[in-house]
Amino acid sequence: MRKALRWLLALTVLIGTLGTAGTAGAATTAPPAPTDIKDRLLAIPGISLVEEKPYTGYRYFVLNFTQPVDHRHPDRGTFQQRITVLHKDVSRPTVFYTGGYNVSTTPSRREPTQIVDGNQVSLEYRFFTPSRPAPADWSKLDIWQAASDQHRVYEALKPLYSANWLATGGSKGGMTATYYERFYPRDMDGVVAYVAPNDVVNDEDSAYDRFFEHVGTKECRDRLNAVQREALVRREPLERRYAQYAADNGYTFTTIGSLDKVYEAVVLDYVWGFWQYSGLADCDSVPSGAATATDDAIWDSVDTISGFSAYTDQGLEQYTPYYYQAGTQLGAPTIHFPHIERKLIRYGYQPPRNFVPRSIPMRFQRGAMRDVDSWVRHDARHMLFVYGQNDPWGSERFRPGAGARDAYVFTAPGMNHGANVAGLVADERSFATARILEWAGVASPAVQADPSAAKPLARFDGRLDVRDVEREPALRP
């Protein structure tokens, strides 16, 4: 009996030992964690690879990220949102860039990314194709849903890119970065918003009229105003030319309703478009003596600055999400034309509703921008707003108030819608650069002691560092 018990005990110990050995063996054969950045990115739930593109000194990835159509009800469907990652090193800070429209799939580096010598994550705005749910429930296109898109991308990537993060964007992208900070103020360590309009009261736009009374020089304003007026005086012959141009290019006018309405919309954008994209030095390119200029000269100038394709059905289609938001939350400018007789203007500045297909319902929410403006005034932290002196979109801007902390607004002299930190006067440029470096956690002791010593950490790259304003029709920020 004792022998049987000893044998049973020995067998039990042996089995236990083998089991332990097997477990240890299984642990040692588990696959190691990925070390290549592409594998690490693709190991994140919801991320899939579209393509990788080479760029010296970086890894560049175009990716899809699975997002809920409705962040309040994430079980009600998903869509694929396009993002790009310009990877330098997981130990470097990361800049989260939003353009507010489609995302470019060509490697580029925004100004804060150059300043901090970091990584860059760029996000396509929801409902811009291909980042559009199918079917498209347009009621899910609002600033909170878009901010929640950013929040989920940040939460997914923060464990990998664990250093400080900054949000940035230009124009509608600057608005987007601001809205993200308003709804998720604990995500970012700082925000750099460029040329971001702030239309708090949609029906009050006198600031734009005052801007056009004083921008540039009287000589330049008079020359631009004369060409704009002359394009309406010659409406009949130039509209005949427009009809032929549309027929030759397959353009149609169903959304706005007629060639006549579209023609006037393009012409009324002319002066705004000039100051948005051009500078005082470009006034010489505007025809002088408009009343005696040829039809070709008037047509070419308006087409170059405003673009006769902009308000065709084909030109509007890509930007439907923007016009929808302008007509539901963001607001849109309305200006007057005191240099043009009223009999020459049939429609005036048309509302966003005219630029969105009637099959898409729209209702304006008057409190959306007031809420954001109030938050910036009272609660902004670590925020920097940069505007251009000659950019009409800066007429209504964000202004951090007494309740804000470490938040600033700077204006780049003589610059347009492409204004940036590099275009600021010397002391403001150094100060702004120092704050960006500090928020990113990479300010040297010398910069901390003396902000005037602040400079971008990465050398300028002519291909990577895009400095030109992204060209879009005038009445889109």
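The values are calculated or read from the model by the stated rules, or taken from the named source; none is laboratory data. Predicted model only: the values in this text are computed from it and were never measured. No Cβ is skipped: glycine too gets one built from the backbone with ideal geometry, and neighbour counts run over all protein chains shown. Remember, those area values only see protein heavy atoms, side chains included, never the ligands or the DNA or RNA. Shrake-Rupley method; radii C 1.70, N 1.55, O 1.52, S 1.80 Å.
All of Phe337, Phe274 fail the test of being touching a Leu at 6+ places or on another chain (Cβ under 9 Å) and over 16 Å from Arg476 (Cβ atoms), apart from Phe337. Outside any strand (DSSP E or B) and on the phi > 0 side of the Ramachandran plot: does that describe Gly462? Spelling it out, it is not the case that Gly462 is outside any strand (DSSP E or B) and on the phi > 0 side of the Ramachandran plot. Selection of the range 409-437 for residues being out of contact with any helix residue (DSSP H, G or I) (no Cβ under 7 Å at 6 or more places or on another chain), open to solvent by 40 Å² or more (accessible area, probe 1.4 Å) and either over 26 Å from Ala281 (Cα atoms) or among the aliphatic types (A, V, I, L, M) (or both) yields Val409, Val425, Ala426, Arg435. Here Asp427 clears all of (1) of a type in the set (Asp, Glu); (2) at pLDDT 95 or above; (3) closer than 28 Å to Asp199 by Cα except the condition numbered (3). At least 3 residues being closer than 22 Å to Tyr324 by Cα is the threshold, and among the helices (runs of 4 or more DSSP H) wholly inside the range 78-192 those reaching it are 143-157, 172-183.
Scanning the range 144-178 for residues that are over 11 Å from the mean Cα position of the chain (by Cα) and open to solvent by less than 10 Å² (accessible area, probe 1.4 Å) yields Gln145, Ala146, Ala147, Ser148, Asp149, Gln150, Val153, Leu157, Tyr161, Trp165, Leu166.
Checked against the criterion of being out of contact with any strand residue (DSSP E or B) (no Cβ under 7 Å at 6 or more places or on another chain), under 22 Å from Pro351 (Cβ atoms), open to solvent by 30 Å² or more (accessible area, probe 1.4 Å) and in contact (Cβ under 8 Å) with a residue 24 or more places away in the chain, the range 212-232 contains one or more residues that satisfy it. The single condition among (1) touching a residue at least 60 places away in the same chain (Cβ under 8 Å); (2) open to solvent by less than 20 Å² (accessible area, probe 1.4 Å) that Val121 does not meet is (1). Only helices (runs of 4 or more DSSP H) whose full extent lies in the range 253-361 are considered here, and the ones with at least 1 residues that are open to solvent by 10 Å² or more (accessible area, probe 1.4 Å) and of a type in the set (A, V, I, L, M, F, W, C) are 259-268, 270-277, 295-305.
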